[in-house]
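Asks: For reference, the structure I am asking about is given below.
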Amino acid sequence: MATRVPSMELHCPAPLLSGGRAKRLGGLEKASTRSKESEQPKKRAALIRGTVSPPLPVPGSIPRPPYVGTKDVPEIAKEIQMHDKESIVHMRAACELAARVLEYAGTLVKPSVTTDEIDKAVHKMIIDAGAYPSPLGYGGFPKSVCTSVNECMCHGIPDSRELQDGDIINIDVTVYLNGYHGDTSKTFLCGEVDEANKRLVKVTEECLLRGISTCKHGTSFKKIGRRISEHAERHGFGVVECFVGHGVGRVFHSEPIIYHQRNNKPGQMVEGQTFTIEPILSMGSTVCDMWDDGWTAVTTDGSLAAQFEHTILITRTGAEILTKC
């Protein structure tokens, strides 16, 4: 889950929310015209909220993260989460469970299924594994998973809305197992999705993998944003700046903050460090409007957005993707 802070990722500062489209560089602006007319997305109704059911119970025997029980969104921890051999074992276990839950959730994505039904299934699988669904109770978030449909950038709250043929949906799963968080997300296709929207989803996943491919001990964090931006712009998509990746481990959201757009932020990766990379790409506006639930972030122009996320471990020679099963 950015932090809302956003999975979750951090809420962007006000100046980022008030601006226009993401900046493109030089000749890359021409990339936005590359899509063929046949690839233009079909018109569809705007996303509307459904009824949100009460939070689901968690057995008392399952340990809770320290933020559960307070409505306040925790501050981003300043500590860099480093791991020894023992803690890496715990991180792998939490991340592998998160990956399995996400894979299962994806099998539920079909027309007429509600996001509330997906939340219930995810919740049961997590607690059956003896883990806690990290989003539940984080800053008052009322559900166990984030489900972001179509123009929702991230942090969508599961509700009674039925998925429609042609929708895309990001499912963001984080689990808290044995004192460690594993965080991952993926955008799934529902039914028959048109080619333009399929391309958005495909390129977003490619951006994540290209960002990960830059990572190893001693590399500057800013290289992640550059690599992601180059690939997104080449295909005519904008990178959302309002939400970021983050350190993850014993703490849900910590330093380092991972920017997915071009930036000049300082800092270098260190062997043994864990963090998420979770780019969001949009077909149009990269600026978000926030619903009055305080969580659901949608594109200002109703254009579709897609997101993918992995938790990674920095090694001496590269990066290990922990959220795989």
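Asks: For residues that are basic (K, R) and in a strand (DSSP E or B), tally how many sit in segment 282-325.
Replies: The qualifying residues number 0.
Conditions (1) at negative phi; (2) crowded, with 18+ Cβ neighbours inside 10 Å; (3) more than 15 Å from the chain's Cα centre (by Cα), marked per residue:
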position: Q273; (1), (2), (3): yes, yes, yes
position: I280; (1), (2), (3): yes, yes, no
position: M283; (1), (2), (3): yes, yes, yes
position: D292; (1), (2), (3): yes, no, yes
position: A297; (1), (2), (3): yes, yes, no
position: F308; (1), (2), (3): yes, yes, no
position: T311; (1), (2), (3): yes, yes, no
position: R316; (1), (2), (3): yes, no, yes
position: C325; (1), (2), (3): yes, no, yes
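Asks: Just one of T300, T276, T286 is among the hydroxyl-bearing types (S, T, Y) and either within 18 Å of I80 (Cβ to Cβ) or touching a His at 6+ places or on another chain (Cβ under 8 Å) (or both); which is it? Break it down into steps so the answer makes sense when it comes.
Replies: Values: T300 fails: either within 18 Å of I80 (Cβ to Cβ) or touching a His at 6+ places or on another chain (Cβ under 8 Å) (or both); T286 fails: either within 18 Å of I80 (Cβ to Cβ) or touching a His at 6+ places or on another chain (Cβ under 8 Å) (or both).
Every option except T276 fails the conditions.
Asks: Let me ask something else. Are there any pairs, at least 6 apart or on different chains, whose C-beta atoms fall under 7 Å, with the first in segment 92-108 and closer than 15 Å to P135 by Cβ and the second among the aromatic types (F, W, Y), and if so, which?
Replies: Taking only residues 6 or more apart or on different chains, the pairs are A94/Y180.
Asks: I'd like to check something: does segment 156-172 contain any residue that is modelled with pLDDT of 95 or more and among the hydroxyl-bearing types (S, T, Y)? Walk me through how you get there before you give the answer.
Replies: Within segment 156-172, the subset modelled with pLDDT of 95 or more is 156-172.
From what is left, the residues that are among the hydroxyl-bearing types (S, T, Y) are 160.
Yes, some residue in segment 156-172 is modelled with pLDDT of 95 or more and among the hydroxyl-bearing types (S, T, Y).
Asks: Moving to a separate point now. Considering each residue of segment 157-211, count those that are aromatic (F, W, Y) and open to solvent by 20 Å² or more (accessible area, probe 1.4 Å), and give that number.
Replies: Taking segment 157-211 first, the residues aromatic (F, W, Y) are 176, 180, 188.
Now restrict to residues that are open to solvent by 20 Å² or more (accessible area, probe 1.4 Å): 176, 188.
Count: 2.
Asks: If you check every pair at least six apart or on different chains, which have Cβ atoms under 9 Å apart with a residue in segment 201-214 that is small (G, A, S) first and a residue that is in a loop (DSSP other than H, G, I, E, B) second?
Replies: G211/H260; G211/P279; S213/G318
The values are calculated or read from the model by the stated rules, or taken from the named source; none is laboratory data. Note that this is a predicted model, so its numbers are computed, not measured. Methodologically, a virtual Cβ is constructed for each residue, glycine included, from the backbone with ideal geometry; neighbour enumeration extends over all protein chains shown. In case anyone asks, the SASA skips ligands and DNA or RNA and just uses the protein heavy atoms, side chains included. Shrake-Rupley method; radii C 1.70, N 1.55, O 1.52, S 1.80 Å.
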